[in-house]
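Okay, so here's the structure we're looking at.
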Amino acid sequence: MQEKKAELEELVSDVRDLIKKYASSKEEEKEEKPWFLMPVLGAMMVITLIFIVPRSGGVIGSFIKLPGEYFVFSAGVTDISGIPLNAQLSFIDPDSGVVRNTKSVYDVILSRGIYDIVAVFDSGLIIKMNKAEINSTVGNFMKVDFLLNEDAVRSYAFSTNLEYDNFMITGIAMGNNLKQCPDWDFYNRTCNSEFEWVMKLTPGQGYNLRAPAGNYSFIEVS
């Protein structure tokens, strides 16, 4: 563990040095610099920030201090009890199309702004939140409950502490019909209204559903 920490501290030190050198080069525009070093320095910094740091597994955030526009986002996805769930996450800049990928137990370096967030779970369920606002570290930003429902072949609900416009659910059908509760009490696992019929399903085939932001639960029934 100490060896791992030492390696991370050395990596962070290198990143800090790269950032300082890059910032200094911007402030000293009048001073002559070897022009061929700047692309190399920029590429090293980008590769380190995008590909190496996010893969250090939730530890790096306690060591590194990033430029003001960037921060370490805690990309945590848990179940209703707070136990981490396995998910592959993608943070997509809707304007540039730039993608940051990580796992649900990793930190990821982002700049503050609007992102489309895609979470792919081991069960094959895909949840996409469109135009989610990310402006702080926000631990465990998504909770997913694959709850048991005696009337359903499969059921699930999700909750997030992010502001977003709408979401899309993609899944492989297990039941013949999909129903939703648009007023779901996530922690008490109760529907404050009624489950509504949404669409006909064919078991084994994929389906997509788009809905505005809200507290939903979905059930697939025979």
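The values are calculated or read from the model by the stated rules, or taken from the named source; none is laboratory data. Worth saying up front: this structure is predicted, and the values here are computed from it rather than measured. We place every Cβ from the backbone using ideal geometry, glycine too, and count neighbours over all the protein chains shown. Surface accessibility is based on the protein's heavy atoms, side chains included, excluding ligands, DNA and RNA. Shrake-Rupley method; radii C 1.70, N 1.55, O 1.52, S 1.80 Å.
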Review point. Using a 1.4 Å probe on the protein chains only, how many percent of the accessible area of segment 123-209 belongs to carbon and sulfur?
Key: 45 percent
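Compute the signed sum of charges (Lys and Arg +1, Asp and Glu -1) over the other residues within less than 10 Å, Cβ to Cβ, of Asp145.
On the way: positive: Lys143, Arg189; negative: Asp79.
Charge balance near Asp145 sits at +1.
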Review point. According to the Cα gyration tensor, what semi-axes, each the square root of 5 times an eigenvalue, does the equivalent ellipsoid of segment 71-181 have, listed from largest to smallest in whole Å?
Key: 25, 15, 12
Revision key, fill the gap. In the neighbourhood of Ile219 defined by beta carbon distances under 10 Å, the net charge of the other residues (Lys, Arg +1; Asp, Glu -1) is 0
**Study point:** Packing-based ranking, highest mean first, of 83-92, 185-194 given that Cβ atoms within 10 Å are counted
**Key:** 83-92, 185-194
